[in-house]
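These notes concern the structure reproduced below.
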Amino acid sequence: MKMDESVKIKEQGKKISGEIDFESMKIDRDGIFPRFKYRIDLWLVMSVAAGWSIFQLYTAGFGVLFAIPQRSIHATFLCVLVFLLFPASSKLKTVPRNPNLFFDRIPVILTVVSLFYLLWNLHEILNRAGMPTTADIFFGAIFIVMVLEATRRSIGSALVIVCMVFLLYAYFGRHIPYPLDHRGFDIETIVSHMFITTEGLWGVPAGVSATFVYIFIAFGAFLEITGAGRFFIKLAFSFMGHMRGGPAKAAVIASACIGSVSGSAVANVVTSGSFTIPLMKATGLSRRYSAAVEACASSGGQLVPPIMGAAAYIMAVYTETPFIYIILAAIIPASLYFLGVFMSVHFHTLKEDVRKIDVADLPKPKNVLKEGGQYLAPLILLIVLLVIDWTPTKAGFYASIFVLVLGFFRMRKQDRLGASDIWFALLLAARNAISVAAALLAAGIVVGVVSLTGMGLKFANMIEYLAMGNFFLTLFFTMVTSIILGMGLPTSACYVVLAILAAPILTNLGVPLLAAHFFILYFGVLSAITPPVAIAAYAGAGISGAKPFATAMLAIPLALSGFIIPYWFVYDNSLMLYGPWHQIIVSTIFAILGIIAMSAMTQGYLLTKLKWYGRLAMVAAFFLLFIPSIYTRPAGVLLLVGYCLYQKRFLAKHKADAAVSGQPG
């Protein structure tokens, strides 16, 4: 009988032994940029990348420029780097890379000339605000096209299509059916709104990208160059490696740590998944299950404070909330999400009797912390600086410098940073910033159209009309909208689009401001594992060799807690740290029990396998714990604990019967 490659492997008591080469996780320095046919092109790319990082670090540490100069210079560095790195199409892709004159070098020239025009005439442009000249419109149109093309090359067509739809909406507004119709705007008005005001390309998204986001991407790159990513994975394996399903559990913990710093769920999957997915498969987990675990954990990393994949800084601007409050409010929901994924993995590995992995050189937590504990110091410094009310830009700058200082004084001489390491860190920061910066810059077009047409209010009214005043239906339609609009977009751009379209719907109904913004952020992030455009799940499937759509479908029950938690903190604001401490603690305990019950139901296992009525009991326990009432929640606790005792008694009886019959228990 032919057996599947996956969880059907059940050799009782047998362990897998071998070695985990943590040192193999070092960054491929030669792979950060493609090989170029002519060395001068490589040096040009490295000069632009390093110049971008130096510009951002300098302005973060010594003072940000005025809005339009800061943001336009940032955007120009981005576009130039993208045109030199990414070919216009796969047909023009050459190895080694040789930038094409028409499709690559001319766009670079057009971008730089447009920037020069804007900055050289900025004073005059601002003085005649509202009266753009033909030259303003000409260079503005060129720059908008360059931004869209750079976005298409670097992160794909999804966001470009969204931007084009919004631009067409601004132009053809009078032909749009009610209730989204408007008077329509001519090309001159649209272009000038986007190019010579701070409502379009140079709006809040570009401002956040050119200040907060880049400096924290640089912070992450500096951590990465010192080996922090390897440390977090090594630490997770030291705690979880010997457990049943240890690699899967370690992947959950490690991806939570790495994903907070990363600005992309896909980048997180590729970074940690290339190491964790093969180890998960080695324990007998199926290809698609291994990929689904990594996709769920990596996507959830975008919800983990203090960085939250750069969304935290954008949220601080849009909600006008101190950054430290957002970090604190994110702690309980993010912890509940990863508890749900972790418990789902735990119940699954017990149910399928997944083998343990016994690695001879698996490090001890004490030794890992002794060797790499210094990587925690910059994170602690960052949080301390934010707590004492430093700006995120200043805090990120000094935390980044602190990383480099630590690198110079590492205990082992061979691990210390040198000048070449700092140079590489500057290049890595620029390379990592491309997708996030491009997404935020393009998202400015969406924001500009919304501010120009008043679409946000119209969209909110439409959702409220469809929900017919029902609060739960409004939440449900907002969830669906967030998932659809978030599909295929990086976390930062996804949040910007949703913050201006979906969040006002909830705040109009009295949902607290942070709860409303976290609600749309959660579902925007989870769109990365939601079919049909489950980009994180597809990335994991590519590493494991699984079928992409099947992987995405398996990721849904694994991450079901993420689809539940936003409803939970909207109905019970205590999970967002609203209210007295005793209420927060009690609500958190009920939420933990509810997440455990839901995870047990999805995996069909608690203390032992659940029959159909056991799953019904877990669903009932979850809903009783979910409803914020002094009667239902104690009943939910009693049902969950009672069923645990029932299963415990069943297991004891089963073992006793097995002992009498002489069979193994």
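The values are calculated or read from the model by the stated rules, or taken from the named source; none is laboratory data. Note that the coordinates shown come from a computational prediction; the quantities given were computed from them, not determined experimentally. Because the Cβ atoms are built from the backbone with ideal geometry, glycine has one as well, and the counts that use them run over all protein chains shown.
Considering the stretch 172-197, the residues that are hydroxyl-bearing (Ser, Thr, Tyr) and more than 33 Å from the chain's Cα centre (by Cα) include one that is nearest to ALA442 (Cα to Cα), namely THR189.
Conditions (1) out of contact with any Cys (no Cβ under 9 Å at 6 or more places or on another chain); (2) hydrophobic (A, V, I, L, M, F, W, C); (3) surrounded by fewer than 18 Cβ atoms within 10 Å (Cβ to Cβ), marked per residue:
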{"position": "THR602", "(1), (2), (3)": "yes, no, no"}
{"position": "LEU606", "(1), (2), (3)": "no, yes, no"}
{"position": "ARG615", "(1), (2), (3)": "yes, no, yes"}
{"position": "ARG633", "(1), (2), (3)": "yes, no, no"}
{"position": "GLY642", "(1), (2), (3)": "yes, no, yes"}
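Got at least one residue in the stretch 12-20 being at negative phi, in contact with a strand residue (DSSP E or B) (Cβ under 7 Å, 6 or more places away or on another chain), at pLDDT below 55 and of a type in the set (S, T, N, Q)? Yes, the stretch 12-20 contains at least one residue that is at negative phi, in contact with a strand residue (DSSP E or B) (Cβ under 7 Å, 6 or more places away or on another chain), at pLDDT below 55 and of a type in the set (S, T, N, Q). Give the residue that is surrounded by the most Cβ atoms within 10 Å (Cβ to Cβ), with candidates limited to residues of the stretch 284-322 that are part of a loop (DSSP other than H, G, I, E, B) and at pLDDT below 85. Residue satisfying both the conditions and the ranking: LEU285.
This table checks each residue for (1) closer than 30 Å to ALA429 by Cβ; (2) in contact with a Leu (Cβ under 6 Å, 6 or more places away or on another chain).
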position	(1), (2)
ILE176	no, no
PRO179	no, no
ASP186	no, no
MET194	yes, yes
THR198	yes, no
LEU201	yes, no
VAL204	yes, no
ALA210	yes, no
ILE215	yes, no
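Would it be correct to say that ALA67 is over 20 Å from THR189 (Cα atoms), within 27 Å of the chain's Cα centre (by Cα) and either basic (Lys, Arg) or surrounded by fewer than 21 Cβ atoms within 10 Å (Cβ to Cβ) (or both)? For ALA67, the condition - over 20 Å from THR189 (Cα atoms), within 27 Å of the chain's Cα centre (by Cα) and either basic (Lys, Arg) or surrounded by fewer than 21 Cβ atoms within 10 Å (Cβ to Cβ) (or both) - is met.
Do we have ILE73 as of a type in the set (A, V, I, L, M), at pLDDT 95 or above, surrounded by fewer than 22 Cβ atoms within 10 Å (Cβ to Cβ) and more than 25 Å from the chain's Cα centre (by Cα) here? Yes: the conditions hold for ILE73.
For the stretch 421-445, the set of residues classified as closer than 12 Å to ALA206 by Cα and out of contact with any Asp or Glu (no Cβ under 9 Å at 6 or more places or on another chain) consists of VAL436, ALA437, ALA438, ALA439, LEU440, LEU441, ALA442, ALA443, ILE445, listed by residue number. For HIS123, state whether it is of a type outside the set (A, V, I, L, M) and at pLDDT 95 or above. In short, no. Within the stretch 69-110, the set of residues being within 22 Å of VAL204 (Cα to Cα) and in a loop (DSSP other than H, G, I, E, B) is empty.
The rows are residues; the columns are (1) surrounded by fewer than 17 Cβ atoms within 10 Å (Cβ to Cβ); (2) in contact with a Ser or Thr (Cβ under 9 Å, 6 or more places away or on another chain); (3) of a type in the set (A, V, I, L, M, F, W, C); (4) modelled with pLDDT under 90.
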| site | (1), (2), (3), (4) |
| --- | --- |
| THR478 | no, no, no, no |
| ILE484 | yes, yes, yes, yes |
| MET487 | no, yes, yes, yes |
| ALA516 | no, yes, yes, no |
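Condition first: of a type in the set (Lys, Arg) and closer than 18 Å to VAL208 by Cβ. Now tell me which residues in the stretch 60-114 satisfy that. If the condition is that a residue be of a type in the set (Lys, Arg) and closer than 18 Å to VAL208 by Cβ, then ARG71 is the only one that fits.
Within the stretch 432-455, how many residues turn out to be surrounded by fewer than 19 Cβ atoms within 10 Å (Cβ to Cβ) and either in a helix (DSSP H, G or I) or touching a strand residue (DSSP E or B) at 6+ places or on another chain (Cβ under 6 Å) (or both)? Counting residues in the stretch 432-455 that are surrounded by fewer than 19 Cβ atoms within 10 Å (Cβ to Cβ) and either in a helix (DSSP H, G or I) or touching a strand residue (DSSP E or B) at 6+ places or on another chain (Cβ under 6 Å) (or both) gives 1. Across the stretch 616-640, what is the total count of residues that are assigned to a helix (DSSP H, G or I) and closer than 16 Å to VAL586 by Cβ? Of the residues in that region, 11 qualify. Against the criterion of being more than 22 Å from VAL341 (Cβ to Cβ), surrounded by 13 or more Cβ atoms within 10 Å (Cβ to Cβ) and touching a residue at least 24 places away in the same chain (Cβ under 8 Å), VAL637 qualifies.
For every residue, the table says whether it meets (1) polar (S, T, N, Q); (2) touching a Lys or Arg at 6+ places or on another chain (Cβ under 9 Å); (3) outside any helix (DSSP H, G or I).
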{"residue": "GLY562", "(1), (2), (3)": "no, no, no"}
{"residue": "PRO566", "(1), (2), (3)": "no, no, no"}
{"residue": "VAL570", "(1), (2), (3)": "no, no, no"}
{"residue": "TYR578", "(1), (2), (3)": "no, no, yes"}
{"residue": "GLN583", "(1), (2), (3)": "yes, no, no"}
{"residue": "ALA591", "(1), (2), (3)": "no, no, no"}
{"residue": "MET598", "(1), (2), (3)": "no, no, no"}
{"residue": "MET601", "(1), (2), (3)": "no, yes, no"}
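Note on the stretch 121-216: no enclosed helices (runs of 4 or more DSSP H) hold 2 or more residues that are buried (at least 22 other Cβ atoms within 10 Å of the Cβ) and in contact with a strand residue (DSSP E or B) (Cβ under 7 Å, 6 or more places away or on another chain).
When ALA267 is tested against (1) under 17 Å from GLY524 (Cα atoms); (2) without any contact (Cβ under 8 Å) to a residue 24 or more places away in the chain, just one condition goes unmet, and that condition is (2).
Would you mention how many residues in the stretch 76-105 are at pLDDT 95 or above and surrounded by fewer than 16 Cβ atoms within 10 Å (Cβ to Cβ)? Number of matching residues: 0.
When you check ALA541 against the structure, is it in contact with a Cys (Cβ under 6 Å, 6 or more places away or on another chain), assigned to a helix (DSSP H, G or I) and either closer than 30 Å to VAL270 by Cα or modelled with pLDDT under 95 (or both), yes or no? No, not satisfied.
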